[in-house]
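To start, the structure itself, in structure tokens.
The values are calculated or read from the model by the stated rules, or taken from the named source; none is laboratory data. The structure displayed is predicted, hence computed values, not measured ones. With ideal geometry, Cβ positions are generated from the backbone for all residues, glycine too; neighbour counts draw on all protein chains shown. Ligands, DNA and RNA are excluded from the accessible area calculation, which covers all protein heavy atoms including side chains. Shrake-Rupley method; radii C 1.70, N 1.55, O 1.52, S 1.80 Å.
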Amino acid sequence: MKTWELVCAIAGVVVVLIGLPTAFYVGFIRPLRFKAEHDGLTGLFNRSTFFKLAEKAFREAKLKHEDVAFLVMDVDNFKRLNDTEGHSAGDARLRAVAAAILASVREHDVAGRVGGEEFAVLLVGCGKNHAPAAAERMRAAIEKTGSTASIGVADRASVHGVSDLFRMADMAMYAAKQTGKNKFMVYDRV
């Protein structure tokens, strides 16, 4: 066997050895990972992945002294939609709402579906001065889908983690629901 034939044979083996794991990851592992991390209906991060990524982003923002804000959104009157138009209409509406949310966030923000008709977003680099404008943009985008949403807003001031932000934003969201729906409320104003 000539030297160049040996080199070609070794190169072929190397290509196969490198290519097999890559093909296995791309063809098998990546789709499984996507299914495990994302909500099957909306394509947004599922609850567990959302909170894991939001907590990581929160810690990184804290180290960099960046502001963060947390939004919790609940689609108004969703049960009525499901009861009157059926679950397929409800599913279509949830997909539309998720698309509106995704179109309203920046690449470094974290968005997820955290409950039946409840969504959450961690806005990185967005504090209490800018979070209300972001919430209003999302509210208006959701309204264009034919639905409305009540949104709660909380910022990082004096909280220890994402669970505190979620709790505060959730309280603000319920206040928005109780005072008329289709609006946002900021936690410190509840």
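Things worth noting here:
- Selection of region 67-91 for residues being hydrophobic (A, V, I, L, M, F, W, C) and surrounded by 16 or more Cβ atoms within 10 Å (Cβ to Cβ) yields Val68, Ala69, Phe70, Leu71, Val72, Met73, Val75, Phe78, Leu81.
- Residue under evaluation Gly115, criteria (1) over 20 Å from Gly40 (Cβ atoms); (2) out of contact with any strand residue (DSSP E or B) (no Cβ under 6 Å at 6 or more places or on another chain); (3) surrounded by fewer than 21 Cβ atoms within 10 Å (Cβ to Cβ); (4) touching a residue at least 12 places away in the same chain (Cβ under 8 Å), criterion not met: (1)
- Test result for Arg137, among the charged types (D, E, K, R) and surrounded by 21 or more Cβ atoms within 10 Å (Cβ to Cβ): no
- Residues within region 149-173 that are in contact (Cβ under 8 Å) with a residue 24 or more places away in the chain and either surrounded by 17 or more Cβ atoms within 10 Å (Cβ to Cβ) or more than 18 Å from Gly112 (Cα to Cα) (or both), tallied: 17
- Condition met for Lys52 (within 30 Å of Arg167 (Cα to Cα), part of a helix (DSSP H, G or I) and either open to solvent by less than 60 Å² (accessible area, probe 1.4 Å) or at pLDDT below 95 (or both)): no
- Of all the criteria given as (1) buried (at least 18 other Cβ atoms within 10 Å of the Cβ); (2) touching a residue at least 60 places away in the same chain (Cβ under 8 Å), the one not satisfied by His130 is (1).
- Ala61 passes every criterion in (1) at pLDDT below 95; (2) open to solvent by 40 Å² or more (accessible area, probe 1.4 Å); (3) under 18 Å from Leu123 (Cβ atoms) apart from (2).
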